[in-house]
Amino acid sequence: MLTTTEYIVHHLTHNNYSGVSDGVWSLHADTFTVSLILGFIFLSVFAIVAKRAKVENPGKFQLFIELILEMVQTQVTDIYHGKSRMIAPLSLTIFCWVFLMNLMDLLPVDLISFINISRGSPESHWRMVPSADINATFAMSISIFLLIIFYSIKAKGLFGWIKELFVAPFGAKLAPINFVFQMIELLSKPISLALRLFGNMYAGELIFILIALLPWGVQWILGTPWAIFHILIIILQAFVFMVLTIVYLSLAIEEH
Amino acid sequence: MNINATLLGQAITFALLVWFTMKFVWPPLTKMLDERAAKIADGLAAAEKGKQELMDAEARVAQELKSVQNRAVEIINNAEKRANQLIDEAKDRAVVESNKIIADAKARIEQEFVKAKEQLRSQVATLAVKGAEQILKAEVDIKRHEQMLNTLKAEF
């Protein structure tokens, strides 16, 4: 029998694969596997619907996919005024992938551990929610950060972008202050994106774990409202991540 | 909160997902949606056009009906006129014909009258001779009196 602390720590420890090397080069097998499977689910569902899409008499599922697609498209065309073949598919991928990863938070917290323990491996850890792993959220936000830089250079030229880092917003006379401000602004984007999603999902997961520590008869009193509330949060966080990505990329192509 | 190679793996996964969506998911779906939008727009335009055509056709029908009515009235008027004309002509012809018949009848009567007179005239001689024979009780010589009788016949 585990103590409360041991139970929580067990649930919050990643399945760390360190076959190659320890430390920085080890890999969270749980995050990697779950997010990869969810990514495949997202892609295969959308690719199948895209392949079978009919102009006339679409099925209910096709309409549902179209609904998501049109929601993303509306957001992109409302916010982003440049021309890009990448930003809309990027937004769709972010929304769906993040949503599916967040959705894992609604699985019972002990489900995977129960399967593991029943297989006789109590020491093995498995965290089911990839978006509650800071590696996953930073992976996306740093990719977007690189895209922000790429789009800035594409829109303004390398020299134009570097110049803007020094002259905006206060003019050339205050170049060092400008640069500091611009750096803070630039770096705060990926950090806030990643930490917002991570924080929400990690907190949600933690609260589910704490609820699971209550006596089994009263768990539903807190568990049900939190799960219902969490349905809202997982969609909202996916949506916010997507919208902020579009906003940051549209800011990248605009002149200061 | 330990950052490790997972970040790199996740970033690669993310890039592949975005690439796949860009290549195989987004373009066909948006193309299909655009096609549908175009189809709906076409349908609405066709409906509008059909409505307009129907209104045009109705206007044309009304116009045609009016002209047909006018033409019918004209035809009826013409027919009435023609009928009156025919009646008048028939009347005129009847008058002419009846006059001719009357004239013919008169001529025939005249002819019959002359013919009857002629017959009577030829019979009168015989009758007179017969009468005279009776009166003279066969004492009259026909040869003798022939001259006288012929004179009498001529005088008749």
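The values are calculated or read from the model by the stated rules, or taken from the named source; none is laboratory data. Owing to the predicted nature of the structure, the values given are computational and were not obtained by experimental measurement. As a convention, Cβ positions derive from the backbone with ideal geometry for all residues, glycine included, and neighbour counts pool all protein chains shown. Surface areas here come from the heavy atoms of the whole protein model, side chains and all, with no ligands, DNA or RNA. Shrake-Rupley method; radii C 1.70, N 1.55, O 1.52, S 1.80 Å.
The number of residues in the range A:209-233 being under 30 Å from A:T3 (Cβ atoms) and in a helix (DSSP H, G or I) comes to 16. Taken over the range A:16-41, residues that are touching a Leu at 6+ places or on another chain (Cβ under 6 Å) and either more than 7 Å from chain B (Cβ to nearest Cβ) or at pLDDT below 85 (or both) amount to 2.
Evaluate the following for A:V129: is it of a type in the set (V, I, T) and either surrounded by fewer than 20 Cβ atoms within 10 Å (Cβ to Cβ) or away from chain B (no Cβ under 14 Å) (or both)? For A:V129, the condition - of a type in the set (V, I, T) and either surrounded by fewer than 20 Cβ atoms within 10 Å (Cβ to Cβ) or away from chain B (no Cβ under 14 Å) (or both) - is not met. Taken over the range A:59-72, the criterion of being open to solvent by 20 Å² or more (accessible area, probe 1.4 Å) and within 9 Å of chain B (Cβ to nearest Cβ) is satisfied by A:E70 alone. Screening B:V25 against (1) open to solvent by 50 Å² or more (accessible area, probe 1.4 Å); (2) in contact with a helix residue (DSSP H, G or I) (Cβ under 7 Å, 6 or more places away or on another chain) leaves a single unmet condition, (1).
Of the helices (runs of 4 or more DSSP H) lying entirely inside the range A:69-182, the ones with 2 or more residues being under 20 Å from A:L206 (Cβ atoms) and out of contact with any Lys or Arg (no Cβ under 7 Å at 6 or more places or on another chain) are found at A:87-103, A:111-118, A:134-156. Restricted to the range A:84-108, and to residues there that are open to solvent by 40 Å² or more (accessible area, probe 1.4 Å) and more than 14 Å from chain B (Cβ to nearest Cβ), the residue that is modelled with the highest pLDDT is A:L103.
Only one of the listed residues (B:L16, B:L33, B:L7) is open to solvent by 10 Å² or more (accessible area, probe 1.4 Å) and more than 7 Å from chain A (Cβ to nearest Cβ). That residue is B:L16.
Among the residues of the range A:181-189, is there at least one that is basic (K, R) and in contact (Cβ under 8 Å) with a residue 12 or more places away in the chain?
yes
Candidates A:E123, A:E56: the one that is at pLDDT below 90, under 30 Å from A:L210 (Cβ atoms) and open to solvent by 40 Å² or more (accessible area, probe 1.4 Å) is A:E123.
Can you tell me how many residues in the range B:85-142 are over 19 Å from B:E155 (Cα atoms), part of a helix (DSSP H, G or I) and not hydroxyl-bearing (S, T, Y)? Count: 32.
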